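Contents: one structure, followed by commentary.
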Amino acid sequence: MLTQIKFGTSGWRAVMAEEFTFANVRRAVGGIARYVASQKPQGARVIVGRDPRFLGETFCSMAAEILGALGIVPLVVAEPAPTPAFAHAVAQNKADGVINFTASHNPPEYNGIKFSTPDGCPALPEVTKKIEAEIVAGDSASAKASSSAPAVQASLDPKPGYQKRLAEIVDLEVIRKANLRVTFDPMWGSARGYSDELLRSAGVQVATVHDYRDVLFGGHAPEPDDHLLEDLRKKMRETGAQIGIATDGDADRFGIVDADGTFLQPNYVIALLFDYLVESRGWKNGVAKSVATTNLINALAQHHEVELHETPVGFKYIGELIMQDKIAIGGEESAGLSIRHHVPEKDGLLAGLLCCEAVARRGKSLGEQLKAISNQVGSYYPERQNFRLTPEVKAKFTEKLRQDPKDFCGHPVGQVVRTDGLKLVFSDGSWVCYRLSGTEPVVRVYTEARSQKGLEKLSTAAKHWIFE
């Protein structure tokens, strides 16, 4: 029986040699190719690229052959490149999509395919449903269409255009004049030779770690999270760096370490950069955050008199607001953000570079800047936890999520929000949000309180409410 290939907003991911096989990759790429051909029967061009994972070059060659057989010109990218660089390249080159072989921050045994549409956005559900239908159609013996004259393969380098765009957005001269020392950790991933080269070209002192290809990513997921950034901290201490910036496997997510070695939660980074962009650029057209992201952004929006957009989880919703120029910045607590006049896709490199600019211009560490913001609008303490559920608990809890509770472990519920999952807001400004995973028996629990003690109490109550 054939594997059912399902594309989410982050594409299709699976374990190599289990579901991510040569045969299934051919099926998936065939489905994408037939979808593109249905949208543009003549003269279509699709960018084909990858992150540094195992067999990436081979998958790119296979994809180029499949596209060419359908008369689509594959624009093949030779070296690994960041997801946001592909998003920039597809729009700049007026291509008809991107096939990017990446599993982002997943562990090294995974690989995946992200498909982006001509606007640079991750493919929306209406597109991925059509691709899935094309895959099923391609599995039948009757669907063996091919062009009698295969298209010529072409090459593309997204790096110069993307780096040029970053240099236009980020004030590299301010960073240089401040004599800022930066340490960069691409985590063996796609951003190697991007952020550090751009900063060096402007005369900024940069040290790097993990700046070589390792398809095992040091034996763990290439995720720029607190517990995986010890080598970055060590290099920061050695070089006296005032900031450490990191990106995940395909460089759409960020990790930021302050001068004293403190890891800054993505929630706080988004809030800091929102505040900084309002101050430095004067952008007050709007701000977007997912329903699971800190209400510190809500408080700042009110403080700066900026319109707030609260979206479901998934960067595609924020990407649409960027394309409509309704927001200055949009972000998610899972370490994804982008800004106006830039790609409608998460950009981990941009996040790190803007943090460098904020430290350089303000002359204060990110921790000091966060303290100043808290003095203005109050303190917020967010947290995210995952809980694995047995089939019985999941069934019972799924039913519970359909109800509108008036009371939550002794707290009267002030507001019930159903933008995505179930979010309960309390009178003191604290809240809890539950989202069931669509791919595994897990519930994601987001909590936020106005004090550390309040967070501990709320987190305990949030867990109790699942299993009571």
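Can you run phi through the Karplus equation (6.51, -1.76, 1.60; θ = phi - 60°) for the range 86-99 and list ³J(HN,Hα) in whole Hz, with x for Gly and Pro?
5, 4, 5, 5, 5, 6, 4, 9, 6, 7, 9, x, 10, 9
Using the Kirkwood radius over C-alpha pairs as Rh, can you work out the diffusion coefficient of the range 381-467 via Stokes-Einstein at 20 °C, viscosity 1.002 mPa s, in µm² per second?
Reported coefficient: 164 µm²/s.
Subtracting the Cα-Cα distance from 0.36 nm times the residue separation, let me have the gained length for LYS284 to ASP226 in nm, one decimal.
17.7 nm
To the nearest 0.05, how large is the calculated FRET efficiency for GLU19 and ASP325 if R₀ is 45 Å and r is the Cβ-Cβ distance?
0.70
Could you work out, for the range 279-409, what percent of all Cα-Cα pairs fall into each 5 Å distance bin, beginning at 0 Å and stopping at the bin that holds the largest distance?
Reading the bins upward from 0: 2, 9, 14, 18, 20, 13, 8, 7, 5, 2, 0.
Taking the dipole about the Cα centre of the range 12-157, with the C-beta of Lys and Arg at +1 and of Asp and Glu at -1, give me whichever of ALA64, THR21, PRO84 is farthest to the positive side.
Selected residue: ALA64.
With θ taken as phi - 60° and the coefficients 6.51, -1.76 and 1.60, list the Karplus ³J(HN,Hα) couplings across the range 32-47 in order, rounded to whole Hz; mark glycine and proline as x.
In residue order, the calculated couplings are 5, 4, 5, 5, 4, 5, 5, 7, 9, x, 10, x, 6, 9, 10, 6 Hz.
Over the alpha carbons of the range 12-157, what is the largest minus smallest coordinate on each principal axis, giving the biggest first in Å?
Principal-axis extents of the range 12-157 (Cα, largest first): 38, 35, 28 Å.
At a Cα cut-off below 20 Å, give the lysines reachable from LYS6, other chains included and same-chain residues fewer than 8 away excluded.
Cα-Cα hits under 20 Å: LYS114, LYS129, LYS130, LYS316.
Taking R0 as 25 Å, what's the FRET efficiency between ARG450 and GLU368 from their Cβ-Cβ distance, rounded to 0.05?
It comes out at approximately 0.75.
For LYS453, which aspartates and glutamates qualify as cross-link partners when the Cα separation must be under 16 Å and same-chain residues fewer than eight apart are set aside?
GLU383, ASP428
Would you list, by chain and number, the lysines whose Cα falls below 17 Å from the Cα of LYS284, excluding same-chain residues fewer than 8 positions away?
Within reach: LYS326.
Amide H to amide H under 5 Å from VAL46: which residues, 5+ apart in sequence or cross-chain, H placed 1.01 Å off N in plane?
Here the answer is VAL73, LEU75, ASP96, since their amide H atoms fall under 5 Å of that of VAL46.
If you take every DSSP beta bridge whose two residues both sit in the range 12-157, what share of them, in percent to the nearest 5, is antiparallel?
Expressed as a percentage, antiparallel bridges in the range 12-157 total about 45.
When the Karplus curve 6.51 cos²θ - 1.76 cosθ + 1.60 is applied with θ = phi - 60°, which whole-Hz ³J(HN,Hα) does each residue of the range 353-363 get, with x for Gly and Pro?
With the stated coefficients, the range 353-363 comes to 5, 5, 5, 4, 4, 5, 5, 5, 6, 7, x Hz.
Considering only C-alpha atoms, what is the centroid distance from the range 359-400 to the range 410-468, in Å?
Cα centroid to Cα centroid, the span is 11 Å.
With r as the distance between the Cβ atoms of GLU197 and VAL413 and R0 = 45 Å, compute the FRET efficiency 1/(1 + (r/R0)^6) and round to 0.05.
E(calc), rounded to 0.05, equals 0.30.
Distances longer than 24 Å among the Cα atoms of the range 128-273: what percent of all pairs is that?
Value for the range 128-273 (Cα pairs over 24 Å): 46 percent.
Quick check on the chain: helices-only [θ] at 222 nm, where DSSP H runs of length 4 and up contribute -39,500 (n - 2.57) each and the sum goes over total residues. Nearest 500, please.
Calculated from helices alone, the mean residue ellipticity at 222 nm is -12000 deg cm²/dmol.
Any idea how far apart LEU2 and ARG388 come out in nm if each label point goes 7 Å out from Cα toward Cβ?
3.3 nm
How do VAL278, VAL442, VAL90 rank when sorted from fewest to most other Cβ atoms within 10 Å of their own Cβ?
Starting with the residue having the fewest Cβ neighbours, the order is VAL442, VAL278, VAL90.
Dipole magnitude of the chain about its Cα centre, charges +1 at Lys/Arg Cβ and -1 at Asp/Glu Cβ only, in debye to the nearest 20?
Roughly 440 debye, rounded to the nearest 20.
Each value in this text was obtained by applying a stated rule to the coordinates, not by laboratory testing. Since the model is a prediction, treat every value here as computed from it, not as a measurement. Heads up, the Cβs are rebuilt from the backbone with ideal geometry, glycines too, and the neighbour counts pull from every protein chain shown.
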